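Remarks on the structure that follows.
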Amino acid sequence: MYNSRMPTDAELPTSRQLLRSTLIAGLAAAALLVTTVLPAEYGIDPTGIGRVLGLTQMGELKRQLSIEAEADRAPAPAKPIAPGAGQRSGLTGFTVASLFVGHAVAAEPVQIAQAGRSDEVTVTLRPDQAVEVKMTMKAGAKVTYAWKTEGGVVNHDTHGERPGSRSARSYRKGTNVAGDEGVLEAAFDGSHGWFWRNRGRADVTIALRIRGEYEDVKRIP
């Protein structure tokens with residue numbers, strides 16, 4: 001049996017060397033977190049490096065799949081958003097027929113916000129493809145919306161997200177739905193809108209019309 005030699009004080013690392021090694025390890029871990037882990041796991045890419053490496057797209061896909069999984073666990077038909085104080089505007093008699101010419105998804109009239117802008121968005125989903133359409137809204141802002149499908153039905157989740165947040169707040173959702181309408185009121189500052197996935201075997205086209213208080217609208221991806 002051999003006796004190991006104890007290191008001398010001169011051979012041991014100094015406190016300064018240990019502190020330096022600890023700082024270097026901490027900085028390396030923080031860099032990996034910001035450039036790799038956050039984009040790949042949550043779609044959060046503050047530096048833009050994750051999108052260049054293709055990691056941000058991976059994180060966005062994971063987030064979309066998570067949203068759809070929540071919608072699949074709640075197959076009950078979507079319920080209207082409960083109106084808050086002052087949610088109804090002074091305009092009366094506005095129905096979804098003013099947004100779409102043709103069959104209305106719901107029979108109840110929807111009144112529209114007086115202020116803001118309006119947009120029309122059309123997206124076509126291949127089988128098993130998903131997409132999001134988001135608006136930038138301030139807390140308390142309202143948007144009147146209506147969408148319908150052509151060629152099939154979709155799973156959907158109307159939800160909102162705070163900037164940089166890893167979780168979403170769902171306002172209403174459903175599976176195998178041919179359309180929806182209502183008034184979306186932002187619960188907080190952030191992005192608010194719709195997630196759709198086509199679980200059918202044929203292409204499905206979604207036509208969305210929105211009007212109200214929002215800054216911009218974009219499709220993701």
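The values are calculated or read from the model by the stated rules, or taken from the named source; none is laboratory data. Keep in mind that this is a model prediction, so the values were computed, not measured. Note: ideal-geometry Cβ built from the backbone for every residue, glycine included; neighbour counts use all protein chains shown. Heads up: the accessible areas ignore ligands, DNA and RNA and are worked out on the full protein's heavy atoms, side chains in. Shrake-Rupley method; radii C 1.70, N 1.55, O 1.52, S 1.80 Å.
From the list ALA202, ALA178, ALA207, exactly one residue is among the hydrophobic types (A, V, I, L, M, F, W, C), out of contact with any Lys or Arg (no Cβ under 8 Å at 6 or more places or on another chain) and under 17 Å from VAL123 (Cα atoms). Which is it?
Values: ALA178 fails: out of contact with any Lys or Arg (no Cβ under 8 Å at 6 or more places or on another chain); ALA207 fails: out of contact with any Lys or Arg (no Cβ under 8 Å at 6 or more places or on another chain).
Step by step, each of ALA202, ALA178, ALA207 is checked, and only ALA202 is among the hydrophobic types (A, V, I, L, M, F, W, C), out of contact with any Lys or Arg (no Cβ under 8 Å at 6 or more places or on another chain) and under 17 Å from VAL123 (Cα atoms).
Give me the residue from segment 198-221 that is open to solvent by less than 10 Å² (accessible area, probe 1.4 Å) and either in a strand (DSSP E or B) or without any contact (Cβ under 8 Å) to a residue 12 or more places away in the chain (or both) and, out of that set, farthest from SER165 (Cα to Cα). Before the answer, list the steps.
In the first step, residues of segment 198-221 are kept if they are open to solvent by less than 10 Å² (accessible area, probe 1.4 Å); the result is 198, 204, 206, 208, 210, 212.
So of that shortlist, the ones also either in a strand (DSSP E or B) or without any contact (Cβ under 8 Å) to a residue 12 or more places away in the chain (or both) come out as 204, 206, 208, 210, 212.
Values: VAL204: 30, ILE206: 27, LEU208: 26, ILE210: 25, GLY212: 24 Å.
Out of the qualifying residues, it is VAL204.
Among the residues making up segment 124-154, those that are open to solvent by less than 30 Å² (accessible area, probe 1.4 Å) and closer than 17 Å to GLU181 by Cβ are VAL133, MET135, VAL143, THR144, TYR145, ALA146, TRP147, THR149, VAL154. Pairing residues of segment 161-183 that are open to solvent by 50 Å² or more (accessible area, probe 1.4 Å) and polar (S, T, N, Q) with residues that are part of a loop (DSSP other than H, G, I, E, B) and modelled with pLDDT of 90 or more, at Cβ distances under 7 Å and at least 6 apart in sequence or on separate chains, gives ASN176/VAL153. Considered as a group, the residues in segment 19-47 that are of a type in the set (Ser, Thr, Tyr) and over 25 Å from ALA168 (Cβ atoms) include one that is least open to solvent (accessible area, probe 1.4 Å), and that residue is SER21. Restricting segment 184-197 to residues that are among the aliphatic types (A, V, I, L, M) and open to solvent by less than 10 Å² (accessible area, probe 1.4 Å) leaves a set whose member that is farthest from ALA146 (Cα to Cα) is ALA186. Can you say whether SER170 is within 20 Å of VAL217 (Cβ to Cβ), of a type outside the set (Lys, Arg) and at pLDDT below 60, as far as the supplied structure shows? For SER170, the condition - within 20 Å of VAL217 (Cβ to Cβ), of a type outside the set (Lys, Arg) and at pLDDT below 60 - is not met.
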